[in-house]
Amino acid sequence: MRRIFTTEPKGLARLYLWLGLAAVIIGTLLSLLMRIHRTWPQVAMPLHGVIKPEDYLALVTMHGTLMVFFVLTVVPQSAFPNLVLPAQIGSKKMALPRLNAAAFWITSASLLVLLAAFFVPEGAPIAGWTSYPPLSAVAAAGPGQATGMDLWLVAIVLFCLAAVMGSASILATILLRRASGLTFGRLPLTVWSWMVSSGLTVIAFSALFLAAVLLLSDRHLGTSYFLPAGLVVNGIPQAAGSGSPMLWLHLFWFFGHPEVYIVVLPGMGLASSLLANFTRRPVPGYWLMVASTLLIGVLGLGVWGHHMFVSGMNPYAGTAFGLTTMAIAIPSSAEVLTWLAMMFRGRLRVNTPLLFVLGFVSFFIAGGLTGPILAQPALDAYLHNTFFVVAHFHLVMAMAGVFSIFAGIYYWYPLLTGRRMNEVLGQIHFWISLIAAYGTFYPMHLAGLAGEPRHYAQLRGPVESFAKLIPVERGITSSAFLLAAVQLVFLFNVFWSARAKVALAGANPWKATTLEWSGEEHPMTDRGPYEYGSATGRSEDFRPQWKAEKPF
Amino acid sequence: MNWLPPNGALRGIALDHLLGWNLTIVFWLFVAAQASFVVALARRWMGRGGTGEGVPWRGRYFILHVLPLAAITGLYLWMLVTGHRLWAARREMAMPARALEVEVTGVQFQWYFRYPGPDGEYGTTKPNLVSAPAGNPLGVDPGDPRGADDVVSAVMMLPAGRPVEITLRAQDVIHGFFVPGMRLKQDAIPGMAGHLSFTPETPGDYAILCSQVCGLGHDRMQARMRVVSPEQFAAWLAAREAPR
């Protein structure tokens, strides 16, 4: 019981990792059902039968919600900070420990409420993870839009609450519990990332919390924040309202875009730290990286309108949001170029965590490069809501996010088990995942260019593209199955490497400099986070933050 | 670029051109970036690769970082300017006087197209008059004389070469009016009247899709845009107006 109702951060990290694992397994299975249906629409599923169009939309909605919130947010923004953040700043505990522990329990409740939507009459909601009203506001608008939609909204309300509580704890920890001498200029870049992503979480998830509460109020209390006058659903006129669905779009995307950075910023910090370690060189331009991280955070709050270029908002707003979006590409490019420079100039120590970091950078580039295309309202007017966008965000957010999660797990695994994960299995996992992930998501660009919209249960885009797309769709499905299958190697490795037989890795197996590897609490430090390199004539090629230059 | 369905709109040519350039540049940048990973790893496996340990970054850092960043910022600037020129041409122009007006309404899971008729004005619609089975899917008020000559169609007939001014509406939920062949997309949002203009050039049939998830029939919510000669269009419209 003590291990379960714990306020100890490492224990919470374990719990968050289990929760993320459960969510990613379900979310992946849902996506495989979608791929089967798109490729072989008539195939009957065991225990279910043929997938109906509304079933497909329920799969899309639940897949997106599970992956975005319970995997891509929970692991980098809740599990990893609990695992290493206090230790990285020389503390054993988080600030506000009970608030932090309560966040986990509310997140779990949120997951259970969300999954319950599968088991209510009419099943899960079908409005997609963005849940635009009036589809999400009027129960008569479709199957799953009654109880299923209510459960979805309650799950979101709970998740937002937990996310803000967890992030408040992270921010307080960074501000209050740093070791003496650990100035802002000596913080590892992961800590800077969590500072920015937690700030974004507090702001963005508050907006989503508000939106979800208002939508629940529209559904049950007779308000009309999102419902306009003159609505006729299923031939039945609805009660006159005076609101607008546009309000939801603004509130949702005011959350939705910063959310992307909440997902990838921790990965970006991790990439810098790991590249420094596995090339044995300091991060060049530390303050440039910090400034880029902060700039991404600030600009990230001002780009939400690029999700709304085709919503019919004022064209000048399209121009303004296009400008801010192009601007945010610059600090992102600055970070990418720093990583590439580090990769080229340093001597790479090739191992699984490094490979997954390189994979993260590779996907971040692959998906990031189509960002400036979609940031042009005129081009987005063709590409919006096609598979081109599906390809874009699965590469830049989902695959980059997942690969950074894998990098973190392979790298920090010794903190949890005292052992390293098996290297051979790790590299097999990496190479097959890399190839299968590109095979799954890169060809989706072509489907998008051919005009195939997303959320279609079957291939029904422009007639001209049918014949061309069928082999592409089959290839995507095969790749998706390979991608899912090779994750079994990872799962096996997680358990296999924890056996008592596996040799202990010892303290600091990666010869790292940051404080989480010292194994004890460190009230003081007097050096920066990335002091690698042997040129200064020492026996070791690194100086950890916990070894004092001179006695304090 | 031959993945795109054939273009039938005047402004589609400029869009295809710009999109083609964007895709080409971005694709080769992608290839270059991925090649750099292969080179870095290959150098390592062949036992080479910059030792770099302890070597100050300064001069190298400038070449490896500042110059590429300046170049890529220049690229973003070019994208910004060209993209917005096209956006301005497409969205910020006054409606030409000879434009054909069509009202497009999205309803689960159907598109309706209304032409204002000879008087050039649409009749008012009322939510409680909406009844598809009774032949009045848009709820046009029979008490309004302006609506008497309105033509409601399930096919979007358009004359080639004449600018079209669309008023975009939705009755129940948000729908996405998407005509891939005309490079045209905008959301139809309940309670709002969206505006969209374009000029169809090449006669032929074009698919109209729904691009915003709208319920269980989302993927079946398709209609046809048929672009014909001005004479054929006039004949069609006259035939539709006649029975009234």
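Points worth noting:
- Span from the the range A:447-492 Cα centroid across to the the range A:28-50 one, whole angstrom: 13
- Simple Cβ-charge dipole of the range A:441-552, Lys/Arg +1 and Asp/Glu -1, about Cα centre, in debye nearest 20: 320
- Rounded to whole numbers, the Karplus 3J(HN,Hα) couplings from phi for the range B:134-148 are 7, x, 10, x, 9, x, 5, 6, x, x, 9, x, 5, x, 4 Hz, using 6.51 cos²θ - 1.76 cosθ + 1.60 with θ = phi - 60°, and x at Gly and Pro.
- Structure remark: mean-square fluctuation, Gaussian network model of chain B, C-alpha springs under 10 Å; the largest value among B:Met182, B:Met225, B:Met79 belongs to B:Met79.
- Helix B:12-45 and the longest principal axis of the C-alpha atoms of chain B enclose an angle of approximately 30°.
- Given +1 at the Cβ of Lys and Arg, -1 at the Cβ of Asp and Glu and no other charges, the dipole of chain A around its Cα centre is 1660 debye to the nearest 20.
- When the Cα positions of B:Val104, B:Pro127, B:Ala148 are compared along the charge dipole of the range B:100-150, B:Pro127 comes out farthest toward the positive end, with charges on each C-beta of Lys, Arg, Asp and Glu.
- Farthest toward the positive end of the dipole of the protein assembly as shown, out of A:Gln458, A:Gly346, A:Val157, is the Cα of A:Gly346, where the dipole comes from beta carbon charges about the Cα centre.
- 5 angstrom amide H check on A:Leu135, placed H, neighbours 5+ away: B:Ile174
- Cα-based Rg of the range A:177-285 normalised by 2.2 N^0.38 Å, two decimals: 1.68
- Of all DSSP beta bridges in the protein assembly as shown, antiparallel share, percent nearest 5: 70
- Nonlocal amide H pairs with B:His195, under 5 Å, H built at 1.01 Å: B:Leu168
- HN-Hα J in Hz across the range B:61-70 - Karplus 6.51, -1.76, 1.60, θ = phi - 60°, x for Gly and Pro: 4, 4, 5, 7, 10, 5, 4, x, 5, 5
- Stretchable slack from A:Ile428 to A:Glu540, in nm (0.36 nm times residue separation minus alpha-carbon distance): 37.2 nm
- Calculated on the Cα set of the range A:370-482, radius of gyration then Dmax: 17.5, 57 Å.
- Nearest-ten-degree value, helix B:230-241 long axis tilted from longest Cα axis of chain B: 50
- Averaging 1/r over every pair of different alpha carbons in the range A:16-59 and inverting the result gives a Kirkwood radius of 11.3 Å.
- Rg/Rh ratio calculated on Cα atoms of chain A (Kirkwood radius): 0.97
- Scanning residues 5 or more positions from B:Glu165 or on other chains, those with amide H under 5 Å from its amide H are B:Leu100, B:Glu101, B:Val102, with H placed 1.01 Å from N in the peptide plane.
- The ranking of A:Ser311, A:Ser404 from fewest to most other beta carbons within 10 Å of each one's beta carbon is A:Ser311, A:Ser404.
- Helix runs (DSSP H) in chain A reaching 24 Å along axis by Cα, Kyte-Doolittle at least -1.0: A:9-39, A:97-116, A:147-176, A:189-220, A:245-279, A:315-345, A:400-417, A:423-441, A:466-496
- Exposure proxy order (Cβ contacts within 10 Å, fewest to most) of A:His522, A:His250: A:His250, A:His522
- Rounded to the nearest 20 debye, dipole of the range B:100-241 from Cβ charges on Lys, Arg, Asp, Glu: 400
- Ordering B:Arg226, A:Arg280, A:Arg499 by the number of other Cβ atoms within 10 Å of each residue's own Cβ, fewest first, gives A:Arg499, B:Arg226, A:Arg280.
- Considering only A:Ala23, A:Ala13, A:His63, the residue lying farthest towards the positive end of the dipole of the range A:1-138 is A:Ala13, judged by Cα position with unit charges set on Cβ.
Throughout, read-outs are computed from the coordinates displayed, never taken from laboratory work. Bear in mind the structure is a predicted one, so any value in this text is a computation, not a measurement. Here Cβ is always computed from backbone atoms with ideal geometry, including for glycine, and neighbour counts include all displayed protein chains.
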